[in-house]
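The values are calculated or read from the model by the stated rules, or taken from the named source; none is laboratory data. Keep in mind that this is a model prediction, so the values were computed, not measured. Note that we place each Cβ from the backbone using ideal geometry, even for glycine, and neighbour counts take in every protein chain shown.
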Amino acid sequence: MSDEQANNLQDPRLIREMLLGSGYSEKAVDLYLTRPNMGSLPDANQVSELTGHCGDTMKIFLKIEDNVIQDAKIQVLGCPGAVASAMATMDMIRGKTLEEAATLRDADVFKVLEDLPDQKQHCIRLSVKTLQKAIEDYSERQQPAAKEIA
Ligand code: FES
């Protein structure tokens, strides 16, 4: 790869152009480039990680109080579709109860993203599954006594 090609890959205008050209919506590209919910939460009380069939990995950080998701961040090792989906998912669960967040479906996230290339729609699945895993892990930890009895 030439220096010019390498520089082009870091130019947000060119990245935007490429992603729009391959079927991402403006909204999805904005989320990918600005990454508003990327990172960790030092005071998270639930951290869960999931790797998809494609090899991409997400690690979610939830701050849960009184059954409500007060804050949410996520680290994503993956494609633009994975990053955009994870950013949208975090926005959609903040302030929700665990039960409400557990009802989030791929179609809800797709609606927020507005569009993704067909071959990238499974990336939404990974962000929703990572969220579901975190909710399950947290709920399991809340009932250690019941588990021990069983
Ligand atoms: Fe794996 Fe997008 S290709 S989540």
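Numbers at a glance
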item: Residues of the range 68-95 that turn out to be free of Cβ contacts under 8 Å to residues at least 24 places away in the same chain and surrounded by fewer than 17 Cβ atoms within 10 Å (Cβ to Cβ), as a count; result: 1
item: Candidates S85, S40, S25 - the one that is closer than 26 Å to S139 by Cα, within 16 Å of the ligand (Cβ to nearest atom) and at pLDDT 95 or above; result: S85
item: Residue check for L77: under 28 Å from G21 (Cα atoms), aliphatic (A, V, I, L, M) and in contact with a Gly (Cβ under 7 Å, 6 or more places away or on another chain); result: no
item: Subset tally (residues that are surrounded by 12 or more Cβ atoms within 10 Å (Cβ to Cβ) and within 16 Å of the ligand (Cβ to nearest atom)) for the range 49-67; result: 10
item: Residues of the range 98-130 classified as touching a residue at least 40 places away in the same chain (Cβ under 8 Å), more than 11 Å from the chain's Cα centre (by Cα) and under 20 Å from I69 (Cα atoms), total; result: 2
